Amino acid sequence: RCPFPQAIVWDEYLTGPFGLIAQYSLLKEHEVEKMFTLKPGRLPPADVKNIIFFVRPKLELMDIITDNVLREDRGRSPQRDFHILFVPRRSLLCEQWLKEQGVLGSFIHREQYSLDLIPFDGDLLSMESESAFKECYLESDQTSLYHAAKGLMTLQALYGTIPQIFGKGDCARHVANMMIRMKREFPGSQNSIFPVFDTLLLLDRNVDLLTPLATQLTYEGLIDEIYGIQNTYVKLPPEKFAPKKQGEGGKDLPTEPKKLQLNSAEELYAEIRDKNFNAVGSVLSKKAKIISAAFEERHHAKTVGEIKQFVSQLPHMQAARSSLANHTSIAELIKDITTSEDFFDNLTVEQEFMSGIDTDKVNNYIEDCIAQKHPLIKILRLVCLQSVCNSGLKQKVLDHYKREILQTYGYEHILTLNNLEKAGLLKPQTGGRNNYPTIRKTLRLWMDDVNEQNPNDISYVYSGYAPLSVRLAQLLARPGWRSIEEVLKMLPGPHFEERQQLPTGLQKKRQHGENRVTLVFFLGGVTYAEIAALRFLSQMEDGGTEYVIATTKLINGTTWIKSLMEKLEPAPF
């Protein structure tokens, strides 16, 4: 919009999500000369007229901006103009804060940039709101639900009104109510676009607290569990990626982590990302044979035409070869971990809990891990998993765990334990009844005979456990939720159905064999294993339903528990 050269000062958390929609090269074409990360002190020198702050509406960021503005050299010429863009919404609180600091007047433009749903892949959208779960369940702050409703309204404006809305959970009910209200308040939002989606399914994360706690066992899920995928990028230890040169030994090993982008645009990744890790090795070795056979072809190319044909295929073949090399290295890194004794012991305990074995007494493995001071998050994931698989723990078991944790890791974690209890993850059993076995049996959450190589059920993503959330989506499509009314009542929050009227002429007449399209929106986060399970359902021959996934945040057990941990600063003396 500005004809003058400008610099952008980024709230660091936003650079990842924005990188998915606007690369630096695109911003450069629009007169962006420089980009800085928001940090206290003076802004770096830049020969620009406009400085634009892109920030989330958080008070601690306002303090940094205040510092930046106050340290600006007013004597310099030409003077630089400041602008601020709040993502995704302007905040009265933040503007009031800037006003009190005496800097609000320095901003010529105060706008908002409505970044609600960011495309991560062809079938995946995320709001990347890292604190949504904590805000909804611990702080009763529904801001992120408002953004979710806004995002869904934008989606309907682009892809047509979604005729059917189903939901389960309190947050789901809120979002549906807001959508209905927004539609009423903006009668102009009724559009004449033929609907792409047949159904919207809104699911609260707290309807299924179990799934994120378990270790994901798909290829992509394990990459995320071990190395963490952020905005489709992963950073990996470099030693496996060093080019091996003859006779040099390992003297110049790279020290910078290897950064790779992971999405379905890469052919090989699209094929293996959602497979159980035990099925990945055979795919990689098959690919290696195909690729080396393709390179051998060059010896058989005799005529000019044949040589030309081979050369034209070369770029694609080289890309395939480098992709294979990368994924072979990643698979080796993961295998080192999954074949370790500790990984196996941890997984065994998880699977015992999920299949209902010994969930009601203190677990020896967990006690040993605490005694050996294993990472606290690992302990919390296991203890919460046991609690969820037992509909809460007996008071004396719970007290024993809490005491052990606090004595080993420090009393400051009492706040974290309190948060986990508030969120329903680690709690005493009330009413003395464990509903989990009924839920497990009715929804077939545990499958003994799981086929990891050629799966016939979604339980392959956790080698035996079928994600409850995805089972609910699967049963909604066929035979419908009426068949599981009793179990739905045992899970937290209401379940409901709403219909949105479509203008005449837009009702879908489904062709024979045409799939229904369902948008599943996870409020509070979704794991890569759940995404893999939904993709598996989309690809089933007789499934009849294709799934698109949206969420407030892509999570795994570690990032999720971390978002609920309280950081207590040690006393300064």
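Determine, from the Cβ-Cβ distance of Trp10 and Tyr365 and an R0 of 51 Å, the FRET efficiency 1/(1 + (r/R0)^6), rounded to the nearest 0.05. So, using R0 = 51 Å, E works out to roughly 0.70. DSSP assigns beta bridges within region 119-254; of those with both partners inside it, close to 45 percent run antiparallel. Residue pairs exceeding 20 angstrom between C-alpha atoms, taken from Lys378/Lys567; Lys394/Lys562; Lys235/Lys335; Lys402/Lys422; Lys378/Lys402: Lys394/Lys562. Here Lys258 is the anchor, and the aspartates and glutamates within straight C-alpha reach of less than 14 Å, apart from those fewer than 8 places off in the same chain, are Glu239.
A full extension of the chain between Asp358 and Val283 corresponds to an added length of 23.3 nm, given 0.36 nm per residue minus the alpha carbon distance.
Paramagnetic label reach from Trp481 (point 7 Å along Cα→Cβ; backbone nitrogen cut-off under 19 Å): within region 163-188, residues 163-181. By DSSP, the beta bridges lying fully in the chain are antiparallel in about 25 percent of cases. As an equivalent ellipsoid, region 6-115 spans semi-axes of 20, 19, 12 angstrom, where each value is the square root of five times an eigenvalue of the C-alpha gyration tensor, largest first.
Model label sites at Met490 and Lys422, defined 7 Å from Cα along the beta-carbon direction, differ in position by 2.9 nm. Entry comment: accessible area of the chain is 49 Å² per residue, from protein heavy atoms only and a probe of 1.4 Å. Per-residue SASA remark: Lys275, around 60 Å² accessible (1.4 Å probe; ligands, DNA and RNA not included). Take 140-151, 369-380 and order them by the average number of nearby Cβ atoms within 10 Å per residue, most first; the result is 140-151, 369-380. The calculated FRET efficiency for His109 paired with Ser25, based on their beta-carbon distance and R0 = 30 Å, is about 0.75. Taken along the Cα-to-beta-carbon direction at a fixed 7 Å, the label points for Ile180 and Gln101 span 4.2 nm. Spin-label model, Lys34 to Glu60: label points 7 Å out along the Cα-to-beta-carbon direction sit 2.6 nm apart.
Applying 1/(1 + (r/R0)^6) with r as the Cβ-Cβ distance of Ala293 and Leu93 and R0 = 56 angstrom yields a FRET efficiency of 0.30. Distance between the C-alpha centres of region 42-84 and region 531-569: 38 Å, rounded to the whole angstrom. A quarter of the convex hull surface defined by the alpha-carbon atoms of the chain gives 35.2 nm² as the mean projection.
The values are calculated or read from the model by the stated rules, or taken from the named source; none is laboratory data. Note that the structure is predicted; figures quoted are calculated from it, not measured. Ideal geometry is used to build each Cβ from the backbone, glycine not excepted, and the neighbour counts take in all protein chains shown. Calculation scope for accessible area: heavy atoms of the full protein, side chains included, ligands and nucleic acids excluded. Shrake-Rupley method; radii C 1.70, N 1.55, O 1.52, S 1.80 Å.
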